[in-house]
Amino acid sequence: MGRYAGLIMSEVPAVQVNRLVKDFRGPFRGGGIRAVDEVSLSIAPGEVYGLIGPNGSGKSTTMKAVLGLVKPTAGSCAIFGRDSSKVDSRMEVGFLPENPYFYKHLSAAETVSFYGKLCGMRGAALKARVDEMLELVGLEEARHRRLRGFSKGMLQRIGLAQALVQDPRLVVLDEPTAGVDPMGSRQIRDLILDLKGRGITVFLCSHLLEQVQEICDRVGIIHRGKMVNEGDLEDLTSIHDRTEIILQDAPPELLEQIRNLVDQANKGELVSEGHPRSSLESLFLKETIEAESKQKAVSTKQS
Amino acid sequence: MSDRPETSFFSPRRAGIIALSTVTQLVRMKVFYFLAPIALLFVGLQFFDAFWYEGPEASQPQQELMMHKNLCLGTMMLFSSLFAIVSTALLIPGDIEDRTLYTILCKPVPRLDYLVGKLLGVISVIFVAMLVMDILMVVTLNYRTQVVSAELGEYLGAIGWGEEEVRQGQAEVASHGPSLILQYGVLAHFFKASIIAAVALLISTFSTSTLFTIASSVMIWIIGAVQSLAREGLFTKGEYGVEPGMVDRILGTIISLVFPDFQLFESVSDGAARVMEIGMFDMLHLGGLTFFYIAIYTVLSWFVFSDKEF
Amino acid sequence: MKRFLKSRNILVIAIGLAVSGAIRMPVEQKLAEDYRERRIAAPKVSVETWNQMGQTGLAGTFGGLRSVMASILSLEAQDHFSNQEWYELKQDYDVITSLDPYNSFYWSHGGWHLAYNAASWARNRDDLKPIQRDTMEREYLEAGDAYYREGLRHIPDAYHLWGELGSLWSNRFKLPDYERALEAFKMAASFGKSPIYERRYVYLLAQIPGREIEGYFEARKLLEQDPSHLRLPSFRAILYALWTNPRLPLSEDRPEILKIFRSEEEAYRNLYNYRLRSEEEGYFRGSIDDTLRILANKLDVPPDWIPFLVNSRYRIPKDFRSKRNVLPHSRSGNPYFQGEE
């Protein structure tokens with residue numbers, strides 16, 4: 001059952017999808033597409049859940065059904081126990097769509113304020129919340145700029161700000177890092193982890209598997225509308241019959257001893273050895289952040 | 001379960017927020033810039049003498065003022081109707097295309113609030129635009145009335161009319177100038193534009209093409225101008241006392257039931273320009289009819305929109 | 001187009017529109033009839049007129065711009081007037097008055113084109129026999145008359161249309177019909193909005209042989225209602241002339257100059273001009289020749305300044321009007337014609 005075995009069984013799931021089916025009617029009678037085929041999933045409160053699959057697998061449709069944007073053909077969806085087709089359920093949800101667009105005629109602050117008002121917020125509380133959200137996503141300086149002039153990354157961040165404005169217990173992210181540069185992706189990732197730290201449930205869809213692997217607690221793999229696998233990330237990705245030991249500054253003699261020990265043991269086999277690899281992303285970030293720090297140090301010295 | 005309060009079926013406040021956002025959107029799209037050429041037109045009417053107007057000695061001075069009023073009211077009618085159609089037709093499909101609608105409907109916003117908010121936003125902008133045009137019309141018409149009245153006074157004095165008679169003549173001319181009744185004509189056009197906006201809203205809920213929405217709305221606008229002919233055929237005998245045939249009756253019934261009657265609003269506007277006796281009760285009746293139309297179209301829009309998937 | 005319109009939605013919309021339509025139709029019909037009765041709404045357009053409407057007219061009707069389209073069509077009508085295409089012009093005005101039936105201007109102009117322009121054109125047609133010319137002229141006059149009256153049917157309080165009818169039938173250069181003219185001026189005057197028609201009624205009575213006594217009493221009535229009529233020279237002169245009628249009842253006062261005119265000079269001036277007009281327009285002269293002789297003696301007016309009084313059988317020469325301005329008794333040289341008039 002994984003690390004959530006200790007979960008109190010009576011706690012209401014943040015998201016509960018039971019045997020969801022969604023058919024889309026085709027242009028001609030008899031022609032239709034089953035986008036989602038008997039998908040069930042359950043997301044516990046405070047969890048980060050990733051729904052992954054190739055393009056056209058039914059991820060977005062499942063997400064939209066949870067958000068009430070499409071009506072299930074069969075099955076049900078609930079958010080914290082409330083039927084997701086009811087408007088009430090959306091008080092608990094913040095949604096960041098893929099490639100988000102907002103009213104371009106509004107500024108950043110006006111946008112967040114607009115969505116806050118739609119959630120019933122007003123007055124000083126709303127104003128304070130808008131300031132907090134803009135600070136959280138790092139857009140304070142651009143608060144008065146109209147969204148027309150925003151880059152994709154900035155739009156993504158505004159999307160997050162509006163998704164979080166009403167302090168939801170569930171945040172739904174559809175491809176949150178698609179088209180975003182590595183630095184931006186890192187920031188979004190950190191933000192998601194921060195949300196998790198605050199006990200906010202995160203439900204995200206993505207086909208960027210490395211990023212999902214970094215942040216999710218549980219994943220569901222969907223393919224051609226069917227859930228083909230689901231479970232704890234650790235459980236799903238572990239190769240149980242192999243063990244990894246990483247040594248720091250090990251001398252060649254020690255390495256030779258370890259090889260001999262494996263040879264002498266009747267069980268086990270040394271499959272491979274070598275230097276572990278860092279990710280290209282880590283290298284990129286390391287180089288760029290270091291370069292920035294050096295530049296800052298030089299300009300401080302000069303001034 | 002969440003301890004947050006339940007969302008009401010309809011929230012005027014939420015609709016108002018969406019309306020305000022729509023107004024901001026339209027204003028920042030610089031739609032009011034059209035008022036500049038209209039202002040030029042209204043002011044230009046001061047210098048336009050109808051070719052047949054040979055002055056008070058040959059023609060009725062009221063005719064010139066009628067021409068001024070008719071042109072102003074006609075311009076206001078055209079603008080308000082076209083604006084209502086185009087802006088409403090752009091709103092919902094635009095929100096769907098941009099996916100702005102997703103983020104709005106993912107908040108606790110009932111679809112009815114969204115529709116009503118959009119409609120109210122468009123109607124608010126039409127109201128402000130018509131108010132500005134109305135002020136322009138009143139100012140220019142007032143100026144023209146004074147000029148015409150002075151010309152008439154001079155002419156009547158020259159042909160020997162007494163002071164009292166001249167005053168009477170001038171008073172009659174002045175009665176064709178700005179008046180409360182003229183405002184009723186403007187209000188009638190505003191009512192008509194509001195209904196057209198509601199019609200465009202209904203069509204846009206099931207149309208995915210802005211062009212289709214605009215074209216259909218324009219067709220309904222045109223048919224609405226002559227719907228009364230179809231209705232008359234059902235309630236009265238035809239010319240020469242001939243009853244309409246079965247096919248005519250069926251067609252007439254369908255047209256009368258489905259399409260709005262805009263001729264009523266045009267009649268009030270024409271009558272206002274001619275300074276006919278139109279009172280507050282007439283406007284209350286017309287307002288009630290307007291509200292009825294808007295309510296029906298909004299409810300039907302909501303019915304379609306509530307089932308819409310994105 | 002995506003088929004969002006499920007059959008259930010179509011059915012609900014259709015039923016919704018039908019039910020709401022059934023509720024509002026009687027209300028709208030009642031409103032429309034009420035507006036038509038109060039002349040707020042235009043009357044129904046006849047089938048013939050529908051057929052005559054070109055694209056402009058139809059566009060005006062459909063677009064709700066009837067008044068504006070009427071104005072535009074009247075420009076087209078001007079073209080027909082310039083080309084003397086009277087049939088096309090009448091057709092245009094039929095459409096114009098259908099689009100804007102409560103605008104008296106169009107009825108007035110339509111009537112004017114037919115009764116004056118078209119009738120004059122008919123009278124001057126040398127290619128026709130006299131009787132044909134007369135018949136055609138009368139037809140156009142009657143057509144113009146019909147237009148004014150149709151206008152009055154739509155706009156009963158357009159008193160100036162009555163005035164125009166009166167002018168038409170009292171016009172001595174056309175085919176005058178004094179009874180119709182009198183009826184029209186009386187109707188125009190009955191609205192009490194324009195004193196000019198009250199006076200024209202009197203003036204016309206002064207032109208109709210045998211109605212002079214009636215004219216006198218009408219003029220006296222006007223004077224009693226509003227003494228300010230006396231400020232007008234024409235009125236003064238006609239009233240005096242009618243007063244000098246020897247057939248007036250004996251109970252009436254004898255005419256006194258200074259009861260009507262402010263001075264003998266003014267009396268001479270006004271009566272002199274009236275005498276000239278009466279030759280052309282047939283106004284009743286009464287005994288103003290005697291008055292003019294008396295005044296001429298009193299005021300020492302040179303005899304050659306009053307040609308028609310030297311010899312009572314003196315005939316005004318045919319070219320008198322053209323010589324009027326160069327003869328000593330022309331206005332420009334005559335001290336008695338300085339100032340007013």
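The values are calculated or read from the model by the stated rules, or taken from the named source; none is laboratory data. On a predicted model such as this, the values are computed, not experimentally measured, just so you know. Cβ placement follows ideal geometry from the backbone for every residue including glycine, while neighbour counts extend to all protein chains displayed.
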_Residue count, segment C:161-183 (criterion: part of a helix (DSSP H, G or I) and buried (at least 18 other Cβ atoms within 10 Å of the Cβ))_ = 11
*Which one of these is within 14 Å of chain C (Cβ to nearest Cβ), in contact (Cβ under 8 Å) with a residue 40 or more places away in the chain, out of contact with any Pro (no Cβ under 8 Å at 6 or more places or on another chain) and buried (at least 21 other Cβ atoms within 10 Å of the Cβ): B:THR205, B:THR213?*
B:THR205
*Specify which of the listed residues (B:VAL275, B:VAL247, B:VAL218, B:VAL199) is on the phi > 0 side of the Ramachandran plot and more than 9 Å from every other protein chain (Cβ to nearest Cβ).*
B:VAL275
*Could you tell me whether A:ARG146 is more than 25 Å from A:LYS64 (Cβ to Cβ), within 14 Å of chain B (Cβ to nearest Cβ), in contact with a Gly (Cβ under 9 Å, 6 or more places away or on another chain) and at pLDDT 90 or above?*
no
*Any chance segment A:138-151 includes a residue that's surrounded by 23 or more Cβ atoms within 10 Å (Cβ to Cβ) and in the same structural domain as A:LYS64 (by TED's automatic domain parsing)?*
no
*With the checklist (1) closer than 21 Å to B:GLU266 by Cα; (2) surrounded by fewer than 21 Cβ atoms within 10 Å (Cβ to Cβ); (3) more than 10 Å from chain B (Cβ to nearest Cβ); (4) modelled with pLDDT of 90 or more in hand, flag the one item C:THR97 doesn't pass.*
(2)
*Across segment B:139-177, which residue is nearest to B:MET66 (Cα to Cα) among those that are in contact with a Gly (Cβ under 9 Å, 6 or more places away or on another chain) and aromatic (Phe, Trp, Tyr)?*
B:TYR155
*Test B:VAL173 against the stated conditions and say whether it is crowded, with 22+ Cβ neighbours inside 10 Å, more than 11 Å from chain C (Cβ to nearest Cβ) and part of a helix (DSSP H, G or I).*
yes
*Give segment C:222-253 a look and list any residue that's of a type in the set (A, V, I, L, M), outside any helix (DSSP H, G or I) and within 13 Å of another protein chain (Cβ to nearest Cβ), or say none.*
C:LEU232
*Under the condition of being under 16 Å from A:THR201 (Cβ atoms) and of a type in the set (D, E, K, R), which residue from segment A:212-229 is surrounded by the fewest Cβ atoms within 10 Å (Cβ to Cβ)?*
A:ASP217
*Among the residues of segment A:52-84 satisfying the criterion of being more than 23 Å from the chain's Cα centre (by Cα) and in a loop (DSSP other than H, G, I, E, B), which is farthest from B:MET29 (Cα to Cα)?*
A:THR73
*Determine, yes or no, whether B:GLN146 is of a type in the set (S, T, N, Q), over 23 Å from B:PHE303 (Cα atoms) and in contact with a Ser or Thr (Cβ under 7 Å, 6 or more places away or on another chain).*
no
*From the list B:LEU182, B:LEU152, B:LEU141, pick out the single residue that is out of contact with any Lys or Arg (no Cβ under 9 Å at 6 or more places or on another chain), farther than 30 Å from B:ILE96 by Cα and crowded, with 20+ Cβ neighbours inside 10 Å.*
B:LEU152
*So, of the residues in segment C:91-132 that are acidic (Asp, Glu) and in a helix (DSSP H, G or I), which turns out to be farthest from the chain's Cα centre (by Cα)?*
C:ASP92
*Only one of (1) modelled with pLDDT under 85; (2) closer than 27 Å to B:ILE278 by Cβ; (3) outside any helix (DSSP H, G or I); (4) at the interface with chain B (Cβ under 9 Å from one of its Cβ atoms) is not met by C:SER67, so which one is it?*
(3)
*Could we say that B:ALA188 is touching a residue at least 24 places away in the same chain (Cβ under 8 Å) and of a type in the set (A, V, I, L, M) here?*
yes
*asked:* Among the residues in segment A:119-137, are any assigned to a loop (DSSP other than H, G, I, E, B), more than 11 Å from every other protein chain (Cβ to nearest Cβ), touching a helix residue (DSSP H, G or I) at 6+ places or on another chain (Cβ under 6 Å) and crowded, with 16+ Cβ neighbours inside 10 Å?
replied: yes
*Of the numbered conditions (1) buried (at least 24 other Cβ atoms within 10 Å of the Cβ); (2) modelled with pLDDT of 90 or more; (3) at the interface with chain C (Cβ under 9 Å from one of its Cβ atoms); (4) outside any loop (DSSP other than H, G, I, E, B), B:ASP261 satisfies every one except a single condition; which is it?*
(4)
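Each row is one residue, and each column tells you yes or no for (1) closer than 26 Å to A:GLY50 by Cα; (2) polar (S, T, N, Q); (3) under 36 Å from the mean Cα position of the chain (by Cα); (4) not in a loop (DSSP other than H, G, I, E, B).
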residue: A:GLY220; (1), (2), (3), (4): yes, no, yes, yes
residue: A:MET227; (1), (2), (3), (4): yes, no, yes, yes
residue: A:ASP241; (1), (2), (3), (4): yes, no, yes, no
residue: A:GLU256; (1), (2), (3), (4): no, no, no, yes
residue: A:ARG259; (1), (2), (3), (4): no, no, no, yes
residue: A:VAL262; (1), (2), (3), (4): no, no, no, yes
residue: A:LYS267; (1), (2), (3), (4): no, no, no, no
residue: A:LEU270; (1), (2), (3), (4): no, no, no, no
residue: A:GLY274; (1), (2), (3), (4): no, no, yes, no
*Taking interchain pairs and intrachain pairs at least six residues apart, which have beta carbon atoms under 7 angstrom, with the first residue in segment B:145-165 and at positive phi and the second in a helix (DSSP H, G or I)?*
B:GLY160/C:ARG231
*Quick one: how many residues across segment A:34-74 are more than 18 Å from A:LEU209 (Cβ to Cβ) and within 14 Å of chain B (Cβ to nearest Cβ)?*
14
*Within segment B:266-281, can one find any residue that is closer than 21 Å to C:LEU17 by Cβ, at pLDDT 90 or above and assigned to a helix (DSSP H, G or I)?*
no
*Please find, within segment C:100-129, the residue that is modelled with the lowest pLDDT out of those that are farther than 24 Å from C:VAL68 by Cβ and hydrophobic (A, V, I, L, M, F, W, C).*
C:LEU128
*Among the residues of segment B:278-310 satisfying the criterion of being aromatic (Phe, Trp, Tyr) and more than 20 Å from C:SER20 (Cβ to Cβ), which is nearest to the other protein chains (Cβ to nearest Cβ)?*
B:PHE310
*Could you figure out which of (1) facing chain A (nearest Cβ under 10 Å); (2) buried (at least 17 other Cβ atoms within 10 Å of the Cβ); (3) modelled with pLDDT under 85 isn't true of B:ARG111?*
(3)
